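Below: the structure, in structure tokens.
Read-outs: derived from the displayed coordinates by stated rules, not from any lab. Computed from a prediction, not measured in an experiment: that's the story for all the values here. We place every Cβ from the backbone using ideal geometry, glycine too, and count neighbours over all the protein chains shown.
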Amino acid sequence: MHAITLNGFGELDVLTLTDIPQPIPGPEQLLVHVKACGLNRADLWQRRGNYPPPPGESDILGLEIAGQVVAMGENVAGFGIGEKVFGLVASGAYAEYCLIDHGMAIPIPENLSYVEAAGMAEAFLTAQEAVFSMGQLQSHETILIHAGGSGVGTAAIQLATQMQATIFTTVGSAEKAEKIKSLGSMTIINYKEQNFAEEIMRLTQQHGVNVIIDFVGASYFTTHLDLLQPSGRLSIVGLMGGTKAEINLSLVAKKRLQIKGLTMRTRPLAEKRAITATFKQHWLPLFVTGKLKPVIDSVFPFTDVRAAHEHMENNRNVGKIVLVFP
């Protein structure tokens, strides 16, 4: 089978089209003929050698797939050959065939394409965890969602909208602000033109917010503690602004703040299965009715993977970037 492999760690030129053996499903795995796969920031980090796959997993990039089941292990139930599925994988998505645990596979609704399904799993499962499991967002609370144009950001906005939350989100351009307006009722702040913290405090009459979904990390950490209301929750899902920051423990104690971190890839399989089951029960039906939708920015042939990575590195996308396979 064809796959995108790495001939080392580094820049775009390490991404190489190669021919490798097709994987064989284990007892609880499905073998999926991949039709499309989603790109994620983690792919860029892994390409540079900064985000290795869990032990025993494939070295091939890619964390989410959509395609057709072509084989399965002896302990798999509930799926059939030829069924269309999507879901998270620990690695291996940049290939014509990929293995997925049967507990992580999700049937593709009939009204969604392979491209749309390939842009759903990482964004919405991560957003589900960040907004609800970690952020514990309640109906009509206030929430700040950074990176409103990202895959997870566009998903988090939609999920928070279902809770009738008051939503603030940040973007880096007027173009991105325009593109996400249709996702729900929110206040969009261009952080390159406005001080987002001052703007939020002004709009909330100096009260701040209940929940923050943070993709930045260290450089915003102190600001976020100040922005949170008493009993506020900070859900850290990205570290683009650094990994180390000083913390005012007195402020944390005084305001009874909760600071939680989230990564999906390294979580135990049992936890990821449970997260997937929650998504299938609570949110998948809303994709059938159209109340939720994957936001697709652009589609690239898998042979143009370098261009796809460059597009993400330049932070041009609003929503998901997807690779398609012939």
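Here the spin labels are modelled as points 7 Å beyond Cα on the Cα-Cβ line, and at D19 and K280 they lie 3.7 nm apart. Using the average count of surrounding beta-carbon atoms within 10 Å as a protection proxy, the listed peptides 163-169, 58-64, 282-288 rank, highest first, as 58-64, 163-169, 282-288. Note on E74 and S182: the extension gain reaches 34.4 nm, defined as 0.36 nm multiplied by sequence separation minus the Cα-Cα distance. Expressed as an acute angle from 0 to 90° and rounded to the nearest 10, what is the orientation of the C-alpha long axis of helix 151-162 relative to the principal long axis of the chain? It works out to around 60 degrees.
Report the paramagnetic label zone for E313: residues of region 31-64 whose backbone N is under 20 Å from a point 7 Å from Cα along the Cα-to-Cβ axis. So the set is 38-53, 60-63. The local environment of L44, defined by Cβ-Cβ distances under 13 Å, has a net charge of 0 under the rule Lys, Arg +1 and Asp, Glu -1. Tell me which aspartates and glutamates have Cα within less than 13 Å of K255's Cα, excluding those fewer than 8 residues away on the same chain? K255 reaches D226. Treating only the Cβ atoms of Lys and Arg (+1) and Asp and Glu (-1) as charged, compute the dipole magnitude of the chain about its Cα centre; round to the nearest 20 debye. Dipole of the chain, to the nearest 20 debye: 920 debye.
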